[in-house]
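Okay, so here's the structure we're looking at.
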2 protein chains.
Amino acid sequence: MVRKTKEDAELTRQKIVDAARTVFLARGVSKSTLEHIASQADVTRGAVYWHFKNKTEIFHAIREQVFLPLIDRMDDTLAITADNSQNPLDQIEASMCHTIQELNDNVEMREIYEIMMIKCEYVDEFALVLHQIMNNCSSLVEKIEVAYAHAQSQNLLASTLTPRALALDTHLFFGGLLHMWVKDADGSKFRYQALELIKSHIKLRRK
Amino acid sequence: MVRKTKEDAELTRQKIVDAARTVFLARGVSKSTLEHIASQADVTRGAVYWHFKNKTEIFHAIREQVFLPLIDRMDDTLAITADNSQNPLDQIEASMCHTIQELNDNVEMREIYEIMMIKCEYVDEFALVLHQIMNNCSSLVEKIEVAYAHAQSQNLLASTLTPRALALDTHLFFGGLLHMWVKDADGSKFRYQALELIKSHIKLRRK
DNA sequence: TATTATATACAAACAGGAATGTATGTAAAG
DNA sequence: CTTTACATACATTCCTGTTTGTATATAATA
């Protein structure tokens, strides 16, 4: 029973990607073999090699599942930031809280973040993934900076720091929070109070 | 020319550890083979297997090079914190700046941090390394909290947040900074302004 | 519409290197 | 003379990439 329809084929492809996510999470990217992935997906390596050139391609397929939607959300955030009707500090706070909520609710996203952060070695071809991430960071910082600039012009800020300094501080805080959130798998140290931490962080800036 | 003296043997051991650091950094821990490490150290796998049970043991040996001194420094920091003569906010700031300076000056430390953060997959036996790290984090937060409590009682704080909230925020900030510092290999985004970022972070709290 | 041809979506078998751990050899230190 | 500190050789397992086989969907053609 080979040669399925196009829809069937797309379904097997997705099965392979899902299986790879499970296997990567459990064994790490490097130690995961295509046989592990294939058997987890209930297919043979033949199917895997049909849909993907190698393990790296599967990795990127997984990554796109999170980061293509994420770029969309970034654009949303940009649109929101341009909206002057809302308190910019509330917007920054809501944006960060929203990401944490996503991680809480969306199993796949949570797993992918965990793979990217602590189940993957950024060498060779993966090294340039890091560059992409760093560039995303830069544009993200700029957006936060714009929001803080709005807050400043609306006289909402308690501090005399520049919007840029505030934005960088917030970005580093949130990066740290994401890392700790992911690493705190049992939730005893950071996950349970993540939202409070965000609110405290923003409260520190409110006049 | 085999069978060196004990001092020679200890020297080869150190050569292997240094070689492993280089190889891990270049190829990632998983894809590094004992042959890679051996030839980098100008010995054979026989020497490696004589000194270490397997790759994992070498990994831990590398880790100890950084984290045993680090624990010592933590105790120093604790001692300093108990000293009431100095401004606690200055102490926190100096402590973070000192770590960044270490990373700037100490090549080995920099490389080891990079290996631990982005050249290593935390699976199986490595998973419990993460637990150790998280526990270190907890005690570190507590120390920062004590310092903020001192600052509060000396009326040095601008905010009404609890010392605990401030400490967590600082810890997450610094965790994020370390990650970005390591990932920003060319220094164009974060490294060059790391010390300023720390000062801004603390300035935000000063009355 | 029925038939034929071709491309698709895999499964299964094959060939190769590569890495690990172990076992054995060996020369010098103690 | 024994143990140490390795080097060398060996056995085995594992993983990868490719090749071949094949049943069927789908397009082409008559």
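The values are calculated or read from the model by the stated rules, or taken from the named source; none is laboratory data. Predicted model, so just to flag it, every value in this text is computed and none were measured. With ideal geometry, Cβ positions are generated from the backbone for all residues, glycine too; neighbour counts draw on all protein chains shown. These area figures cover heavy atoms from the full protein model, side chains too; ligands, DNA and RNA do not enter into them. Shrake-Rupley method; radii C 1.70, N 1.55, O 1.52, S 1.80 Å.
Residue under question is A:ALA79, and the condition is that it be modelled with pLDDT under 95, under 20 Å from A:PHE24 (Cα atoms) and of a type in the set (Gly, Ala, Ser); does it hold? Working first, answer last.
Numbers: modelled with pLDDT under 95: yes; under 20 Å from A:PHE24 (Cα atoms): no; of a type in the set (Gly, Ala, Ser): yes.
Here the answer is no, as A:ALA79 does not meet what is asked.
Taking B:GLU142, is it at pLDDT 95 or above, open to solvent by 40 Å² or more (accessible area, probe 1.4 Å) and closer than 28 Å to A:SER188 by Cα? Answer is yes for this residue.
The rows are residues; the columns are (1) within 12 Å of chain A (Cβ to nearest Cβ); (2) part of a helix (DSSP H, G or I).
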site: B:ALA149; (1), (2): no, yes
site: B:ASN155; (1), (2): no, no
site: B:ARG164; (1), (2): yes, yes
site: B:ALA167; (1), (2): yes, yes
site: B:GLY175; (1), (2): yes, yes
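Among the residues of the stretch B:15-30, is there at least one that is β-branched (Val, Ile, Thr), open to solvent by 50 Å² or more (accessible area, probe 1.4 Å) and assigned to a loop (DSSP other than H, G, I, E, B)? No; the residues of the stretch B:15-30 include none that is β-branched (Val, Ile, Thr), open to solvent by 50 Å² or more (accessible area, probe 1.4 Å) and assigned to a loop (DSSP other than H, G, I, E, B).
Answer yes if at least one residue in the stretch A:177-194 is polar (S, T, N, Q) and within 18 Å of the chain's Cα centre (by Cα), and no otherwise.
Scanning the stretch A:177-194 turns up no residue that is polar (S, T, N, Q) and within 18 Å of the chain's Cα centre (by Cα).
Each residue in the stretch B:43-60 was checked for being more than 8 Å from DNA strand D (Cβ to nearest atom), assigned to a loop (DSSP other than H, G, I, E, B) and free of Cβ contacts under 8 Å to residues at least 24 places away in the same chain, and 2 of them qualify.
Can you confirm whether the stretch B:42-51 contains a residue that is within 14 Å of chain A (Cβ to nearest Cβ), within 13 Å of DNA strand C (Cβ to nearest atom) and modelled with pLDDT of 95 or more? No - not one qualifying residue is present in the stretch B:42-51.
In the stretch A:31-41, the qualifying residues are those that are away from chain B (no Cβ under 14 Å) and either in contact (Cβ under 8 Å) with a residue 60 or more places away in the chain or within 8 Å of DNA strand D (Cβ to nearest atom) (or both), and the one that is least open to solvent (accessible area, probe 1.4 Å) is A:LEU34. Among the residues making up the stretch B:113-125, a single one is more than 13 Å from the chain's Cα centre (by Cα), surrounded by fewer than 20 Cβ atoms within 10 Å (Cβ to Cβ) and touching a residue at least 12 places away in the same chain (Cβ under 8 Å): B:GLU125.
Of all the criteria given as (1) of a type in the set (D, E, K, R); (2) open to solvent by less than 50 Å² (accessible area, probe 1.4 Å); (3) over 26 Å from B:ARG191 (Cα atoms), the one not satisfied by A:ARG110 is (2). Please determine whether any residue of the stretch A:137-154 is within 30 Å of B:CYS120 (Cβ to Cβ), under 17 Å from the mean Cα position of the chain (by Cα) and of a type in the set (Gly, Ala, Ser). Taking every residue of the stretch A:137-154 in turn, at least one turns out to be within 30 Å of B:CYS120 (Cβ to Cβ), under 17 Å from the mean Cα position of the chain (by Cα) and of a type in the set (Gly, Ala, Ser).
Under 14 Å from A:SER200 (Cβ atoms) and modelled with pLDDT under 95, is that true of B:SER159? Outline the logic, then answer.
Values: under 14 Å from A:SER200 (Cβ atoms): yes; modelled with pLDDT under 95: yes.
It is true that B:SER159 is under 14 Å from A:SER200 (Cβ atoms) and modelled with pLDDT under 95.
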